[in-house]
Amino acid sequence: MALKLILIICGTAAGIIQTCANIPQLALIAYIPMFYSVIYDKKIINGKFSWLKSWHIYIFFMQLTSCSFLVTIYKLMPLPAAVAIVLSALALLALSLWLTLLTSLPVSFLEKIRCGRIWDVYSFCILYTVGEWLCENVFILSFPWSTVSLSAVSWREMIQSSSLMGGKLTSLIILTVNGLIAYALSRKNIRARLSYIICAVSIVSATVFYGANHILFLKNLTAESGENLNVMIAQDNVEGKEKSKLKGSEAAEHYLSVISENWSENTDFILLPETAVPSNFDEQAEEFSGIMKLAEEKDVIICSGAFCEDSGKTYNALYVITPDGAGERPYYKQILVPFGESIPFAGILGLSTVSCCDDDEYTQPIETEDYEIGCGICIESIYPSVFREQAEQGGEFFVIPTNDSWFGKSFARYAHYRHSILRSVENQRYTLRSGNCGISAVITPWGDESSALKSSERAVIADSIKLLSTESVYTQTGDGLYISLCILYLTVRFFICATSLKV
């Protein structure tokens, strides 16, 4: 019982450092208990597949902690509070179980390649990261909210490895260090312990050394690139349900006034949040006339969230408004928030819902005369593949308009924000993030905050960025290279184990 309690506490702690605790060095030890269930096999919890059972305790509570913001959605439900709380708790439980299942499917393969040595640790780390990939790519309900790499996102040198093979490589490095330390502690021989500890320290040192040099390279690259793009990011302070009550013209006026009050000369580009104007876009409509006029008078490009009616469907869209009018092609959101924007069987139930876009024409970067804008709206920022494709297709910087006010006062705003930092590092792009009520920020290609607004105040950010077109290794190869190498390793291990059994 005491051992189970330790696994629960440590799993919960791992979830906390992934989402809200800003102590990235803890990532090097937080996952150690998870490896004891691998190293000691059936000694931790008696019974068949006991190592898998004990691992599930850890990973389930990690997922439960990471996704616990879901409990706050009861405030959004048009139901009695008691009923809404129960439904929210059930949603949290179901999602945590689902993510635990997806992560454990690859890990269950460990039994086929177990050898009782340090190779079990490496195999587990690789299988776990394949599980992270599965959480993003499963066709039923993908939701890659909780990844090991997020626990070190404020350790800039550590996460530069993400530019090589994505956040999954960073997860692999962190897990391997934890596994080596756990394995060292399980050895009785002092010399053996020391050798594995030295190996873990060497991996951290090499990663940090690479990261520091890569940051220096990126700083020199941006210093030598073209002219600055002077940007402004605006955010409002109207939370959740109150925002939904605003008319389109009222919402537009909120942003126009805060921009006017904080205007910065020589501004080239303005970003507004997701559905900043909660109306269907129409250049002639009153809701958008003020924004159109501002773009013309100030000779500035404005990127704003709005809705769009197209072929009988409603899309959550992003429009670029130039001094000459609206751009010809908006960006339509590809991935929707389950139950928030997309309701299963909505057509059968006669309910209206936002549609996800699968038309390549409207999911490419938005083009202007001078640059291309890589786009991702709100929840799309947790999907690495979306932004890799935007960079690959020519996006020279990223914009992420969001409406995180629905998260209320929970840690979810910061947890969501961490993903934006990883997307910048993976693809070596500046990222502009505009959140209704925060968090808004300008993020550098190496993951630093050039400017940030983390409170829910009504304010703007004025800063400058550089347009970049060079592609990182991850942008060029995506997850294909990493997953292929993982499959190659696992195949070799399988045949080695199969051969040893025959002998």
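The values are calculated or read from the model by the stated rules, or taken from the named source; none is laboratory data. Predicted model only: the values in this text are computed from it and were never measured. FYI the Cβ positions are ideal-geometry reconstructions off the backbone, even for glycines, and counts take in every protein chain you see.
Worth pointing out:
- Looking at the range 413-490, the strands (runs of 3 or more DSSP E) lying wholly inside it that each contain 1 or more residues that are within 23 Å of A252 (Cα to Cα), β-branched (V, I, T) and in contact with a helix residue (DSSP H, G or I) (Cβ under 8 Å, 6 or more places away or on another chain) sit at 459-466.
- Of the residues making up the range 217-233, one or more are assigned to a helix (DSSP H, G or I), crowded, with 16+ Cβ neighbours inside 10 Å and in contact with a strand residue (DSSP E or B) (Cβ under 9 Å, 6 or more places away or on another chain).
- Among residues of the range 248-287, those that are closer than 17 Å to N316 by Cα and over 31 Å from the mean Cα position of the chain (by Cα), counted: 3
- Within the range 454-466, none of the residues are crowded, with 22+ Cβ neighbours inside 10 Å, under 27 Å from Y482 (Cβ atoms) and in contact (Cβ under 8 Å) with a residue 12 or more places away in the chain.
- Between S154, S171, the distinction of being assigned to a helix (DSSP H, G or I), out of contact with any His (no Cβ under 7 Å at 6 or more places or on another chain) and hydroxyl-bearing (S, T, Y) belongs to S171 only.
- For the range 443-455, the criterion of a residue being touching a strand residue (DSSP E or B) at 6+ places or on another chain (Cβ under 8 Å), more than 27 Å from P24 (Cβ to Cβ) and either assigned by TED's automatic domain parsing to the domain that holds L216 or not β-branched (V, I, T) (or both) is satisfied by no position.
- Matching entry among L92, L102, L87 (being over 19 Å from the mean Cα position of the chain (by Cα) and either of a type outside the set (F, W, Y) or within 26 Å of H416 (Cα to Cα) (or both)): L87
- Residue check for L97: surrounded by fewer than 22 Cβ atoms within 10 Å (Cβ to Cβ), out of contact with any helix residue (DSSP H, G or I) (no Cβ under 8 Å at 6 or more places or on another chain), within 21 Å of C10 (Cβ to Cβ) and outside the structural domain of I421 (by TED's automatic domain parsing): no
- Cβ-Cβ under 7 Å pairs, at least 6 apart or on other chains, the range 388-403 side without any contact (Cβ under 8 Å) to a residue 40 or more places away in the chain, far side surrounded by fewer than 24 Cβ atoms within 10 Å (Cβ to Cβ) and assigned to a strand (DSSP E or B): G395/E372
- Total residues in the range 392-412, condition of a type outside the set (S, T, N, Q) and in a strand (DSSP E or B): 5
- In the set (1) small (G, A, S); (2) surrounded by fewer than 22 Cβ atoms within 10 Å (Cβ to Cβ); (3) at pLDDT 95 or above, the condition left unmet by S410 is number (3).
- Boolean, S205 is in a helix (DSSP H, G or I) and in contact with a Ser or Thr (Cβ under 7 Å, 6 or more places away or on another chain): no
- Answer from I259, I197 - the residue that is at pLDDT 95 or above, within 22 Å of T322 (Cα to Cα) and part of a helix (DSSP H, G or I): I259
- Scanning the range 287-319 for residues being in a strand (DSSP E or B), under 16 Å from D268 (Cα atoms) and either touching a residue at least 40 places away in the same chain (Cβ under 8 Å) or among the small types (G, A, S) (or both) gives a total of 3.
- Residue, modelled with the lowest pLDDT, within the range 354-404, restricted to residues that are among the small types (G, A, S) and in contact with a strand residue (DSSP E or B) (Cβ under 8 Å, 6 or more places away or on another chain): S355
- Selection status of C115, outside the structural domain of A412 (by TED's automatic domain parsing) and assigned to a loop (DSSP other than H, G, I, E, B): yes
- Some residue of the range 217-231 being at pLDDT 95 or above and touching a Leu at 6+ places or on another chain (Cβ under 8 Å): yes
- Residue satisfying all of: in the range 33-49; of a type outside the set (V, I, T) and at pLDDT 55 or above; nearest to V148 (Cα to Cα) among these: M34
- Screening I270 with (1) at pLDDT 95 or above; (2) part of a loop (DSSP other than H, G, I, E, B); (3) not basic (K, R) gives one miss only, at (2).
- Complete set of residues in the range 273-286 that are outside any loop (DSSP other than H, G, I, E, B) and out of contact with any helix residue (DSSP H, G or I) (no Cβ under 6 Å at 6 or more places or on another chain): N280
- Qualifying residue in the range 232-250 (condition: without any contact (Cβ under 8 Å) to a residue 24 or more places away in the chain and closer than 25 Å to T72 by Cβ): yes
- I23 vs. criteria assigned by TED's automatic domain parsing to the domain that holds L150 and crowded, with 21+ Cβ neighbours inside 10 Å: no
- Note on the range 127-140: residues that are part of a loop (DSSP other than H, G, I, E, B) and either at pLDDT 95 or above or within 13 Å of Y383 (Cα to Cα) (or both) total 1.
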